[in-house]
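Novice: Below is one structure. I have some questions about it.
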Amino acid sequence: MIYESVTEELKERFREAWAVVVLTGAGVSAESGVPTFRGGGGAPVWKGMPVEKIATPEMLRADPVTFWEWYAYRREVIERAEPNPAHRAIAAWEEYFERLTVITQNVDELHQRAGSHAVVELHGSLWRVRCLQCGVRSEDRRVPLPEIPPRCPSCGGLLRPDVVLFGESVPEAIFSQAVAATATCDLFFVVGTSAVVYPAAVLPALAKHNRAFVIEVNPETTPVTEVADATILGRAGEILPLFSPRENGARGE
Ligand code: OAD
């Protein structure tokens, strides 16, 4: 069913839930000024190449400078970005439910910056790097980077961002956490994702299969719309704050 806004019935579903999962994609950070990959008629291109070609292990090896220029640019955009009302609403929900798990495809850490604690990062984080030579992982928040491509401080090897690149798989242990939370929730939100990238795309159907109520929030319909109990057509930063657990004498008051 398609909705233009949040109805009383949907608010009631929300207030009665115990274990909630919020699956997010690039759209949840759009209102923070971080460009999405798809939707709205545009797809990112860097130096005339689609990002699907740049953000790959092949490009990292063949042309680490171009590869890292793209990631350095993304780090600059994301460093300037602030969590928006959608990130903040999700973080505030944590206090109310028995369990609230955020599963995100984003690598920007804006959920954590808004205060969310239980965040499963399906595609990793732009603020971690990994050495291709010695394998050491470390946090790296330098903007701008002192050299492109950046080198490992311990061994001098080429660094890569600790993210899932196009053509790579989500680490099994991370995906298992996402599956476990999804299979045992009673309310599942899908926010700001085109829901075409696997394996994240299977999670809404898994939630539904396990009898969770599925609410999608997106200005456009997506393949999830077929599965969702409710699709609310709207921007995450405007819709999510309308779900307030404290309204109308919520549980625990
Ligand atoms: P996409 O860029 O594919 O989709 C963004 C979605 O957000 C679209 O469905 C938009 O309609 C929606 N959207 C735009 N503005 C919004 C707003 N203000 N509120 C709510 N929704 C909004 O992003 P993802 O689905 O996250 O993977 O893409 C998944 C993966 O594709 C990314 O993580 C990335 C890419 O390949 C990797 O880099 C491995």
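For (1) part of a helix (DSSP H, G or I); (2) without any contact (Cβ under 8 Å) to a residue 12 or more places away in the chain; (3) assigned by TED's automatic domain parsing to the domain that holds L145; (4) buried (at least 17 other Cβ atoms within 10 Å of the Cβ), each residue gets a yes or a no:
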| residue | (1), (2), (3), (4) |
| --- | --- |
| S5 | no, no, no, no |
| K11 | yes, no, no, yes |
| R61 | yes, yes, yes, no |
| V65 | yes, no, yes, no |
| R74 | yes, no, yes, yes |
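Novice: Could I ask something else about it? Of everything in the range 225-243, what is more than 10 Å from the ligand (Cβ to nearest atom) and among the β-branched types (V, I, T)? Give them in sequence order. If you could, list the steps in order and put the result at the bottom.
Specialist: Taking the range 225-243 and keeping what is more than 10 Å from the ligand (Cβ to nearest atom), we get 225-231, 241-243.
Scanning the range 225-243 gives T225, V227, T231.
Novice: Would a scan of the range 186-200 turn up a residue that is within 13 Å of the ligand (Cβ to nearest atom) and assigned to a helix (DSSP H, G or I)?
Specialist: Yes, the range 186-200 contains a residue that is within 13 Å of the ligand (Cβ to nearest atom) and assigned to a helix (DSSP H, G or I).
Novice: Next question, about the same structure. Which residues, counting only those in the range 97-120, are farther than 13 Å from V21 by Cα and surrounded by 18 or more Cβ atoms within 10 Å (Cβ to Cβ)?
Specialist: Q105, N106, V107, D108, E109, L110, H111, Q112, A114
Novice: If I ask for residues that are in contact with a Leu (Cβ under 8 Å, 6 or more places away or on another chain) and within 12 Å of the ligand (Cβ to nearest atom), which ones from the range 163-176 would you list?
Specialist: V163, V164, L165, V170, listed by residue number.
Novice: Look at I232 and say whether it is modelled with pLDDT of 95 or more, assigned to a strand (DSSP E or B), open to solvent by less than 10 Å² (accessible area, probe 1.4 Å) and closer than 16 Å to A201 by Cα.
Specialist: When the stated conditions are applied, I232 does not pass them.
The values are calculated or read from the model by the stated rules, or taken from the named source; none is laboratory data. Computed from a prediction, not measured in an experiment: that's the story for all the values here. Neighbour counts are summed over all protein chains in view; Cβ atoms, including those assigned to glycine, are modelled from backbone coordinates with ideal geometry. Ligands, DNA and RNA are excluded from the accessible area calculation, which covers all protein heavy atoms including side chains. Shrake-Rupley method; radii C 1.70, N 1.55, O 1.52, S 1.80 Å.
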